[in-house]
Structure formats: C-alpha cells, structure tokens
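Report on the following structure.
The values are calculated or read from the model by the stated rules, or taken from the named source; none is laboratory data. Every value quoted in this text rests on a predicted model; they were computed, and no experiment measured them. Cβ coordinates were reconstructed from backbone atoms using ideal geometry, including for glycine residues, and neighbour counts include every protein chain displayed.
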C-alpha cells in the first residue's frame, strides 16, 4: 500500500499555499519524526510547519499558510 503523502526529507521541494497565492520552497529541517518542518521559500523566508493529525496536512502556526510536499 502506498502512503497517503510523501515522507518529508531535507532538500525536498514543496509549495507554500497562502490564501490567495503560492510560493515555492525547499525543506530545510525535519524534526519530531516528520511532524515539524522548517522550509526556506524561494524568496528567502524561513517558515515552520506542524503536521495536523486530524487532517494530515502541514500548517504554519495559527491560521497561517499550508505546506504541500511535492512527490
């Protein structure tokens, strides 16, 4: 059986999805067995994301952007 999402790894490409726009990013750090990620966006911003167990999606703190890993 295939996993429902790719397991994050350093150097993996990702997309940061804001409300009305997107930005390319690269995974810079993987912590807590893949539950917390730090990414560096293409425009130089460093963002942290946490896996929400209820949805299986990575979100920034609060109502921040969502992170989508590229396979």
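No other residue among 40, 53 is on the phi < 0 side of the Ramachandran plot, exposed (fewer than 10 other Cβ atoms within 10 Å of the Cβ), free of Cβ contacts under 8 Å to residues at least 24 places away in the same chain and out of contact with any helix residue (DSSP H, G or I) (no Cβ under 7 Å at 6 or more places or on another chain) apart from 53. Scanning the range 10-37 for residues that are on the phi < 0 side of the Ramachandran plot and exposed (fewer than 11 other Cβ atoms within 10 Å of the Cβ) gives 19, 20, 21.
Modelled with pLDDT of 95 or more, in a loop (DSSP other than H, G, I, E, B) and over 11 Å from the mean Cα position of the chain (by Cα), is that true of residue 64? Even if it seems obvious, please write down each step before you answer.
Values: modelled with pLDDT of 95 or more: no; in a loop (DSSP other than H, G, I, E, B): yes; over 11 Å from the mean Cα position of the chain (by Cα): yes.
So residue 64 fails the test.
Can you tell me which residue within the range 58-69, out of those that are touching a strand residue (DSSP E or B) at 6+ places or on another chain (Cβ under 9 Å) and more than 15 Å from residue 30 (Cα to Cα), is surrounded by the most Cβ atoms within 10 Å (Cβ to Cβ)?
Step one: filter the range 58-69 for residues touching a strand residue (DSSP E or B) at 6+ places or on another chain (Cβ under 9 Å), giving 58-61, 64-69.
With more than 15 Å from residue 30 (Cα to Cα) added as a condition, the list becomes 61, 64-66.
On the way: 61: 9, 64: 15, 65: 20, 66: 18.
Going through the qualifying residues, I end up with 65.
Tallying residues that are in contact with a strand residue (DSSP E or B) (Cβ under 9 Å, 6 or more places away or on another chain) and farther than 14 Å from residue 70 by Cβ within the range 11-40 yields 11.
Considering only the range 32-44, state which residues are part of a strand (DSSP E or B) and closer than 13 Å to residue 58 by Cα. Working first, answer last.
Applying the first criterion (part of a strand (DSSP E or B)) to the range 32-44 yields 36-41.
If the condition is that a residue be part of a strand (DSSP E or B) and closer than 13 Å to residue 58 by Cα, then 36, 37, 38, 39 are the ones that fit.
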